[in-house]
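Student: To start, I am sharing the structure in question, which I have written as structure tokens.
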Amino acid sequence: MPSVFIKTYGCQMNVRDSEQVQRQLAGRGYTLAPSEAEADVILLNTCSVRDMAEQKALGRAAHLSALKEKKPNLVLGVMGCMAQRIGDDILDRLPDVDLVVGTQKFHQVADYVEQLRTDKLDGTADALRILDTEAEAGSQNTIREHALAPKQVSAFVSIMQGCNMHCTYCIVPTTRGAERGRPIAEIVAEVRRLAEQGVKEVTLLGQIVNLYGRHEFPKDDRGRSPFVQLLEAVCAVDGIERVRFTSPHPIGFREDLIEAFATLPELCEHVHLPLQSGSNRILKAMHRGYTVEKFYTLAEKLRAAHADMAITTDIIVGYPSETEEEFQETAAAVREVAFDNAFIFRYSPRSGTPAAEKEDQLSDDEKMARNQELLRLIDEINAPRIEAMLGSETEILVEGESKNNPARFQGRTRGNKLVLIEANERFRGEILPVRINHSTGFTHYAEPALVGVS
């Protein structure tokens, strides 16, 4: 029985796309290989958001070429955003890569793999290499199957593809195309199938997820946006106890969506809300479409909608021409909003984006220093919160083994905080009351809070 090894770089959308490919190959009889060395097919699902992600994938693909000397029938493929962006270049630079598939053709991967393997086993594959990065109408509807592990209780659901925002630093509109949403009925049917298989929590995915359907589907007679209509329908599915979404855009938070956090019990009180910069000049240069003052107002409204609202964010430091004063405006915004956590990124020029053409690029040292300063600030802001959590009780959805410690199970609070408990099969897949007794910062350790439970 042939086997496949899939390595995924980047965001949750890429994780979901890889799962779709895995599911389709499983339908052809493929098993998951425990390592690259043991695989008959190796697929790298790539990211283009930052140059480092592309370099890692290219380096890995080059390294894997050595396996072909030992296994001449090995199929080596590159998928995803980098494949979409520089597909021809990958084939030129890496002669041992057999397959390059873009972001709208994941549903074709199984067919292409079978074609390549057949030709290799027949001894006729020396000249066969496949490149497919063409756009395809309806591709947003092809990511709909799941490869669930036993007792898996959380799952990603892709609701749209693409982005129309064209932020000046971002390559996503080039690699993922224009916004395209799936019909609400199809998404709800997928969620219902997941619930029937024991899934209790779903995360709705999209590049700008809260702008879902704005050009394709109408508001309802109550004036609710397509995204809020979708949220209500998903929250109503029997068996679904928690609903999340990522990643949204600040301009997509209208009053109906803010109100949903107060009216839908299944909608978790956590929003990942990308700020990107605290400088209005930089925000305008980025084409973000809001001011820092509007961002403050939005954060206040979200916290008013739910008292326990957790807000996390993305921030880019070192955008071209960013001055020290403007960076300090970002630091001030971090203090003002008091984020629960933040992902701080050093600006990475992306060929083909307006920001990459600017002459006033900052040095790596400047970007690194600003990155470290904001990370220290986030730790400072959250130290009192973490101290206050010790001894407190909360609920987690127990997902299963911790990624780094198989002796512990991991789960998340409704506010998306990671909590580890002692591994116990009784807890797997359950919503469990726990008491926090230790923390290392953003990982918390707990024990069951139920009397007599161990």
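The values are calculated or read from the model by the stated rules, or taken from the named source; none is laboratory data. Since the structure is predicted, the reported quantities are computational estimates derived from the model, not experimental observations. Here the Cβ positions follow ideal geometry from the backbone for every residue, glycine too, while neighbour counts run over all protein chains shown. The accessibility values were calculated without ligands, DNA or RNA, using every heavy atom of the protein model including side chains. Shrake-Rupley method; radii C 1.70, N 1.55, O 1.52, S 1.80 Å.
Student: Working carefully through the options 15, 21, find the one that is surrounded by 19 or more Cβ atoms within 10 Å (Cβ to Cβ) and either within 23 Å of the chain's Cα centre (by Cα) or without any contact (Cβ under 8 Å) to a residue 24 or more places away in the chain (or both).
Tutor: 21
Student: Here's something else I'd like to know. Considering only segment 363-379, I want to know if a residue exists there that is at pLDDT below 95, assigned to a helix (DSSP H, G or I) and either touching a helix residue (DSSP H, G or I) at 6+ places or on another chain (Cβ under 9 Å) or more than 30 Å from residue 285 (Cα to Cα) (or both).
Tutor: So far as segment 363-379 goes, no, none of its residues is at pLDDT below 95, assigned to a helix (DSSP H, G or I) and either touching a helix residue (DSSP H, G or I) at 6+ places or on another chain (Cβ under 9 Å) or more than 30 Å from residue 285 (Cα to Cα) (or both).
Student: Additional query: Among the residues of segment 418-440, is any free of Cβ contacts under 8 Å to residues at least 12 places away in the same chain, open to solvent by 40 Å² or more (accessible area, probe 1.4 Å) and over 18 Å from residue 149 (Cα atoms)?
Tutor: Yes; the residues of segment 418-440 include at least one that is free of Cβ contacts under 8 Å to residues at least 12 places away in the same chain, open to solvent by 40 Å² or more (accessible area, probe 1.4 Å) and over 18 Å from residue 149 (Cα atoms).
Student: If residue 31 satisfies all but one of (1) within 26 Å of the chain's Cα centre (by Cα); (2) crowded, with 20+ Cβ neighbours inside 10 Å, what's the number of the condition it fails?
Tutor: (2)
Student: Taking the stated definitions as given, is residue 227 closer than 23 Å to residue 165 by Cβ and buried (at least 21 other Cβ atoms within 10 Å of the Cβ)?
Tutor: Judged against the criteria, residue 227 is a match.
Student: For residue 344, state whether it is in a strand (DSSP E or B), within 23 Å of the chain's Cα centre (by Cα) and surrounded by fewer than 21 Cβ atoms within 10 Å (Cβ to Cβ).
Tutor: yes
Student: Just one of (1) touching a Lys or Arg at 6+ places or on another chain (Cβ under 9 Å); (2) crowded, with 22+ Cβ neighbours inside 10 Å trips up residue 216, so point out which.
Tutor: So the condition that residue 216 fails would be (2).
Student: Tally time: how many residues in segment 430-452 are of a type in the set (A, V, I, L, M) and touching a His at 6+ places or on another chain (Cβ under 7 Å)?
Tutor: Residues in segment 430-452 being of a type in the set (A, V, I, L, M) and touching a His at 6+ places or on another chain (Cβ under 7 Å): 1 in total.
Student: When you scan segment 264-285, do you find a residue that is surrounded by fewer than 18 Cβ atoms within 10 Å (Cβ to Cβ), farther than 30 Å from residue 348 by Cβ and free of Cβ contacts under 8 Å to residues at least 12 places away in the same chain, even just one?
Tutor: no
Student: Any chance you could count how many residues in segment 369-384 are open to solvent by 60 Å² or more (accessible area, probe 1.4 Å) and within 18 Å of residue 336 (Cβ to Cβ)?
Tutor: Qualifying residue count for the region: 6.
Student: I'm trying to understand the selection: among the residues of segment 398-407, which are surrounded by 15 or more Cβ atoms within 10 Å (Cβ to Cβ) and either free of Cβ contacts under 8 Å to residues at least 24 places away in the same chain or under 23 Å from residue 339 (Cα atoms) (or both)?
Tutor: Answer for segment 398-407, where residues must be surrounded by 15 or more Cβ atoms within 10 Å (Cβ to Cβ) and either free of Cβ contacts under 8 Å to residues at least 24 places away in the same chain or under 23 Å from residue 339 (Cα atoms) (or both): just 402.
Student: Out of segment 109-139, which residues are in a helix (DSSP H, G or I) and either within 18 Å of residue 88 (Cα to Cα) or open to solvent by less than 20 Å² (accessible area, probe 1.4 Å) (or both)?
Tutor: If the condition is that a residue be in a helix (DSSP H, G or I) and either within 18 Å of residue 88 (Cα to Cα) or open to solvent by less than 20 Å² (accessible area, probe 1.4 Å) (or both), then 109, 110, 112, 113, 116, 139 are the ones that fit.
Student: What residue, among those in segment 145-163 that are in a loop (DSSP other than H, G, I, E, B) and in contact with a Lys or Arg (Cβ under 8 Å, 6 or more places away or on another chain), is surrounded by the most Cβ atoms within 10 Å (Cβ to Cβ)?
Tutor: Among them, the one singled out is 159.
Student: In addition: Does segment 81-95 hold any residues that are over 28 Å from the mean Cα position of the chain (by Cα) and not in a helix (DSSP H, G or I), and which are they?
Tutor: Correct list: 95 only.
Student: I'd like the full set of residues that are of a type in the set (Asp, Glu) and free of Cβ contacts under 8 Å to residues at least 12 places away in the same chain, limited to segment 123-164.
Tutor: Of everything in segment 123-164, just one residue is of a type in the set (Asp, Glu) and free of Cβ contacts under 8 Å to residues at least 12 places away in the same chain, namely 126.
Student: Pull up segment 167-208, narrow it to residues that are within 28 Å of residue 281 (Cα to Cα), assigned to a helix (DSSP H, G or I) and not charged (D, E, K, R), then point me to the one that is least open to solvent (accessible area, probe 1.4 Å).
Tutor: 175
Student: Looking only at segment 408-434, which residues are farther than 23 Å from residue 341 by Cα and under 21 Å from the mean Cα position of the chain (by Cα)?
Tutor: none
Student: Further, regarding this structure: Applying the selection to segment 41-55, what residues are closer than 14 Å to residue 171 by Cβ and not acidic (Asp, Glu)?
Tutor: Those that are closer than 14 Å to residue 171 by Cβ and not acidic (Asp, Glu): 46, 47, 48, 49, 50, 52, 53.
Student: Quick test for you: out of 310, 304, pick the one residue that is more than 29 Å from residue 55 (Cβ to Cβ) and either in contact with a Pro (Cβ under 6 Å, 6 or more places away or on another chain) or surrounded by 19 or more Cβ atoms within 10 Å (Cβ to Cβ) (or both).
Tutor: Just one listed residue meets the conditions, 310.
Student: In the set 100, 78, 49, which member is in contact (Cβ under 8 Å) with a residue 60 or more places away in the chain, within 24 Å of residue 13 (Cα to Cα) and within 26 Å of the chain's Cα centre (by Cα)?
Tutor: Answer to the check: 49.
Every residue, every condition in (1) closer than 30 Å to residue 354 by Cα; (2) over 20 Å from the mean Cα position of the chain (by Cα); (3) modelled with pLDDT of 95 or more, yes or no:
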position	(1), (2), (3)
225	no, yes, yes
234	no, no, yes
249	yes, no, yes
261	no, yes, yes
316	yes, no, yes
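Student: Looking at segment 48-73, which of the residues that are under 19 Å from residue 92 (Cα atoms) and part of a loop (DSSP other than H, G, I, E, B) is least open to solvent (accessible area, probe 1.4 Å)?
Tutor: Residue satisfying both the conditions and the ranking: 48.
Here's the yes/no breakdown for (1) modelled with pLDDT under 95; (2) closer than 29 Å to residue 345 by Cα:
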| residue | (1), (2) |
| --- | --- |
| 386 | yes, yes |
| 406 | yes, no |
| 420 | no, yes |
| 432 | no, no |
| 447 | no, no |
